[in-house]
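The block underneath contains the structure these notes are about, expressed in structure tokens.
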Protein chains: 2
Amino acid sequence: MSRSTASLLVVGSVGLDTVETRAGKRAEVLGGAASYFSVAASFLAPVRLTAVVGTDFPDAHTKLLADRAVDLAGLERVSGKTFRWSGVYAKDFSTRTTLDTELNVFQDFNPKLPAGWGASEYVFLANIDPVLQLSVLEQAGKPRFVACDTMNFWIEGKREALLKLLARVDMLLLNDEEARQLSGEANLPAAARAIRALGPKAVVIKRGDAGALLFHEAGVFAAPAFPIENVVDPTGAGDSFAGGFMGWMAREGVVDPMTIRTAMILGSVLASFSVEDFSLDRFRRLDLTQIRERFAAFADLVHFEKIKI
Amino acid sequence: MSRSTASLLVVGSVGLDTVETRAGKRAEVLGGAASYFSVAASFLAPVRLTAVVGTDFPDAHTKLLADRAVDLAGLERVSGKTFRWSGVYAKDFSTRTTLDTELNVFQDFNPKLPAGWGASEYVFLANIDPVLQLSVLEQAGKPRFVACDTMNFWIEGKREALLKLLARVDMLLLNDEEARQLSGEANLPAAARAIRALGPKAVVIKRGDAGALLFHEAGVFAAPAFPIENVVDPTGAGDSFAGGFMGWMAREGVVDPMTIRTAMILGSVLASFSVEDFSLDRFRRLDLTQIRERFAAFADLVHFEKIKI
């Protein structure tokens, strides 16, 4: 960890996933956007996690987070059952079908930041109700950099709160379909332009195995996805991307165009590992050496000579 | 043109397109894979064009090709009507519907290379019947580098001839859906591996606005697509990519991994210009300075610092 590493806060879901892909099936494994985010980010910077689980949340999952030095002071454990999601992916991973969503204790989630966490310098508001995302922002002081995620459900159902939120964040991460839905523009550069007019200085459009695009005041940056032949489970890839991204931002402690580009690549690196196993299992056997090697592989993946034409 | 520029031959369709997009409609404009290829490549290397048109083919179109110094000795003009295609793109460009295809004189196309062209060093077999692609290869001597394109119609209907062809080419360019169809693999790195086992040492998978991937013995290379906000007409983008690619290969006159990477970017550059206007109209006002500027913009699009993590 570099001396300058800034504090990084995430608020979002922690849950139990039951997932089936061509590679197999796993029941009640650790899931939730904030889980993926925290563990991915933890390789680069210490993370403060704000979330809620029920009394049935397995200690083994808590231990995985704690072992990655995720600060769990904001992880409420309340009476009731933990948030659960189950889904199945098409054999070619082109679509996924949600079989069941049980909000359980997440239904009444009302995030309260522990004492001192309001001063967190980097804040990631994972995909939850924009009203709750706003409430966390109210509790935060003056973070240096705030990024958020969202989804079709909120774009359609809570547009007003979402627009209020967007006016106050530095960056929005969302996938291509969400970008089109939010902006009403089919063309991605046009969609990004429209979204930036709503507030965020930067927009990251995630495109799965087609990589991610960053649109900000310094122009456009394209991060490729790493070609992975044996995809096991794409769940949480976008949240792992956000974790790698924000982890690097917090570790560097500066917000400038070149740091943001590097953060895009580290987001892509962590996302590429995430899909190589079920749940957060790939992160259990991940270390900084492998991260460094894949970062170098990304550099090679896009390298070409600046020749004279 | 550098002194070492090698000879570049293309065989494919030249036709009249009627196309409608959100940007407007054009009737009987210059189209066909070999037209896009030739004009795109002509900015980098002289091109020999083998194709067939009818007696109704407008002189203005022939003149456009001639003005770009495309050698038209192989452009047969035979009695009958020129190949015609008409189609309409969805407003968001996500799909296109073919309204009509009239093969006309293309129906009996039997490419004959003019004297001396059999010694062409670089050969591109654009998307036509693989039986005809093979016949051109028979007429060619020992080209240094042969690339070909194909489509779903031939993968399904002429698989045997296509497999015979693939055993004899150095590189196959195709889009993602075609790669999946040909290989039976949904995952693109797996599809590329399977296709390379059929013969081509290199496979380029074109993904439209998600860029293109090169798989070859030296690994993987990802070329982004240039984010274009005002797409006018995507027709011919893939053929323009092939033109920029092969134009650079012929101009350099060497087949090595770094030259192929640069060719991927020049393919992307020419494709990005192609979609900015209908038909080949963008190429009419294109020059080497603009190509150099966009090449530099591609370098910036993917640039990040090789920092220490």
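Built from the Cα atoms of region A:237-291, the convex hull projects on average onto 3.6 nm², one quarter of its surface area. Cβ crowding within 10 Å ranks B:D170, B:D108, A:D233 as B:D108, B:D170, A:D233, fewest other Cβ atoms first.
Along the charge dipole of the protein assembly as shown, which of A:L166, B:G54, B:G243 sits closest to the positive end, that is, farthest toward it, with unit charges on the beta carbon of Lys, Arg, Asp and Glu (+1, +1, -1, -1)? Positive-most Cα among the choices belongs to B:G243. Considering all different alpha carbon pairs of the protein assembly as shown, the Kirkwood hydrodynamic radius works out to 25.8 Å.
Would you mind telling me the antiparallel percentage of the DSSP bridges in the protein assembly as shown, rounded to 5? Beta bridges within the protein assembly as shown, antiparallel portion: roughly 40 percent. Position A:R193: other-copy label points at 4.2 nm, ordered by increasing distance, label point 7 Å along Cα→C-beta.
Calculated from the alpha-carbon coordinates, chain B shows an Rg and a Dmax of 18.2, 67 Å respectively. Would you mind classifying region A:87-214 by shape? Square roots of the alpha carbon gyration tensor eigenvalues, ordered a ≥ b ≥ c; an a/c under 1.5 is rounded, otherwise it is prolate if a/b is larger than b/c and oblate if not. It is oblate, given that a/c is not under 1.5 and a/b is not larger than b/c.
Rounded if a/c is under 1.5, else prolate if a/b beats b/c, else oblate: with a ≥ b ≥ c from the C-alpha gyration tensor eigenvalues square-rooted, which is region B:183-288? Cα axes put region B:183-288 in the oblate bin. Shown for A:V302, B:V220, A:V39: other C-beta atoms within 10 Å of each C-beta, ranked fewest to most, produce the order B:V220, A:V302, A:V39. Quarter the surface of the alpha carbon convex hull of region A:1-138 and you get the mean projected area, 9.2 square nanometres. Within chain A, helices built from complete DSSP H runs that reach 20 Å or longer along their own axis (Cα positions) and carry a mean Kyte-Doolittle hydropathy of 1.0 or higher are A:257-274. Summed over qualifying helices (DSSP H, 4 residues or more, each -39500 (n - 2.57)) and divided by its residue number, chain A shows a 222 nm mean residue ellipticity of -10500 deg cm²/dmol.
For B:K112, the label point sits 7 Å beyond Cα toward Cβ; its separations from the matching points on the remaining copies run 9.0 nm, from shortest to longest.
Neighbour counts of C-beta atoms inside 10 Å place A:V204, B:V231 in the sequence B:V231, A:V204, starting with the fewest. The antiparallel fraction among DSSP beta bridges confined to region B:24-158 stands at about 40%. Applying 1/(1 + (r/R0)^6) with R0 = 30 Å to the Cβ-Cβ distance of B:A194 and B:V254 gives a FRET efficiency near 0.60.
Under the simplified labelling scheme, the A:M151-A:D56 pair shows an inter-label distance of 1.9 nm, with each label point 7 Å from Cα along Cα→Cβ.
None of the figures in this text is laboratory data; all of them are computed from the coordinates on show. From a predicted model like this one, the values you see are computed outputs, not experimental measurements. Glycine also receives a Cβ, built like all others from the backbone with ideal geometry; neighbour counts cover every protein chain displayed.
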